[in-house]
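Encoded as C-alpha cells, the structure appears first; notes follow it.
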Amino acid sequence: MKTTNTSNSSGIGFIGLLTILFITLKLTNVISWTWVWVLSPLWISTVVSIIIIGLVIFWVEEQMKTSDINKMSDKNKTEACYNCGTIIYTEFNDFKVIEGTIYCKECALKRR
C-alpha cells in the first residue's frame with residue numbers, strides 16, 4: 001500500500017517577522033516609536049496591496065474598453081481621417097480617398 005504524506009505550510013513571512021521584531025523592540029523600550037510606526041509593516045503592505053489591486057483593475061477596465069471600441073469599429077465599419085483623426089462611418093460615405101489615403105470631407109476640401 002502506497003501512502004502519500006503531503007503538508008502545506010506557510011511561514012509567518014517577512015512582514016510578520018518585521019512586525020513582531022518592532023513590537024518586541026517597542027515593549028522592551030529599545031525604540032520609542034509611536035504604535036503607528038511600530039505596526040507600519042502591516043498597514044504599509046496593506047496600502048501597497050490595495051494600490052496594486054486598484055492599478056490592475058484599472059488596467060483590465062482599459063483593456064476591456066479598448067476591446068469594445070475595436071469590436072464596435074469592426075461592426076460599424078469605421079475609419080479615421082488621416083489628417084485630423086475624426087472617426088468616419090464608411091457606410092454613410094462621408095469620406096474621400098485621395099491617393100489611397102482616407103480623409104473626412106472637411107480635410108479633403110482643405111487639401112484641394
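Quick look at the numbers
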{"read-out": "Under-5 Å amide H pairs with Ile31, H placed in peptide plane, nonlocal only", "value": "Lys26"}
{"read-out": "Which of Glu61, Glu79 has the fewest Cβ neighbours within 10 Å, and the rest in rising order", "value": "Glu61, Glu79"}
{"read-out": "FRET efficiency, Asn8 to Ile51 (Cβ-Cβ, R0 30 Å, nearest 0.05)", "value": "0.55"}
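Readers should treat all values here as calculations from the given coordinates under stated rules, not as data from a laboratory. Everything numeric here is computed off the predicted structure, so don't read it as measured data. Counting neighbours? That spans all protein chains shown, and the Cβs are built from the backbone with ideal geometry, glycine included.
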